[in-house]
Amino acid sequence: MAEITVNGQARRVDVEGDTPLLWVLRDTLGMVGTKYGCGVAQCGACTVLLDGVATRSCQLPLDAVAGRAVTTIEAIEADPVGARLVAAWVALDVPQCGYCQSGQLMAATALLKETPKPDEAAIAAAMTNLCRCGTYNAIAAGIRQASEAA
């Protein structure tokens, strides 16, 4: 039995400590907004915020999140930065298939919280998540729009 804090709430889960956080979120807690992509922490579909830092959850064992705050896409609009990004995503019609977008939004939120007015190089450096549909230009435009709305 372990206790983790997800979206501001303490949650008790009965899983092994080496279980990846992604599966705890999806299978144990029923929070399916965080997606499984590659399973090797490369694509970013599973990105969550861990103490505000964009973190790939598919390879992160539950034991590694003890005492730390996990934020998922389900709570992103409760954050003013996340809410601005979601509004920009909708206004610009950023997603195509949408599968990777929860991870993209989490990474973008971490970026704007750390660097409220990022330049193109900072956006490119921070946004390492993969998008099979190739919406990278639209994602960068959404980040710029949310940044300007601050």
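Within the range 8-21, identify whether any single residue is in a loop (DSSP other than H, G, I, E, B), farther than 20 Å from ASN129 by Cα and open to solvent by less than 30 Å² (accessible area, probe 1.4 Å), and answer yes or no. Checked the range 8-21: at least one residue is in a loop (DSSP other than H, G, I, E, B), farther than 20 Å from ASN129 by Cα and open to solvent by less than 30 Å² (accessible area, probe 1.4 Å).
In the range 39-58, what residues are assigned to a loop (DSSP other than H, G, I, E, B) and either of a type in the set (Phe, Trp, Tyr) or open to solvent by 50 Å² or more (accessible area, probe 1.4 Å) (or both)?
Step one: filter the range 39-58 for residues assigned to a loop (DSSP other than H, G, I, E, B), giving 39-46, 51-52, 57-58.
Of everything in the range 39-58, those that are assigned to a loop (DSSP other than H, G, I, E, B) and either of a type in the set (Phe, Trp, Tyr) or open to solvent by 50 Å² or more (accessible area, probe 1.4 Å) (or both) turn out to be VAL40, GLN42, ASP51.
Here the helices (runs of 4 or more DSSP H) wholly within the range 80-150 that include at least 3 residues being open to solvent by less than 30 Å² (accessible area, probe 1.4 Å) and under 20 Å from ASP51 (Cα atoms) are 80-91, 101-114.
The values are calculated or read from the model by the stated rules, or taken from the named source; none is laboratory data. Keep in mind the model is a prediction, meaning the values are calculated, not measured. For the accessible areas, the whole protein counts, side chains as well, though only heavy atoms, and no ligand, DNA or RNA atoms are used. Shrake-Rupley method; radii C 1.70, N 1.55, O 1.52, S 1.80 Å.
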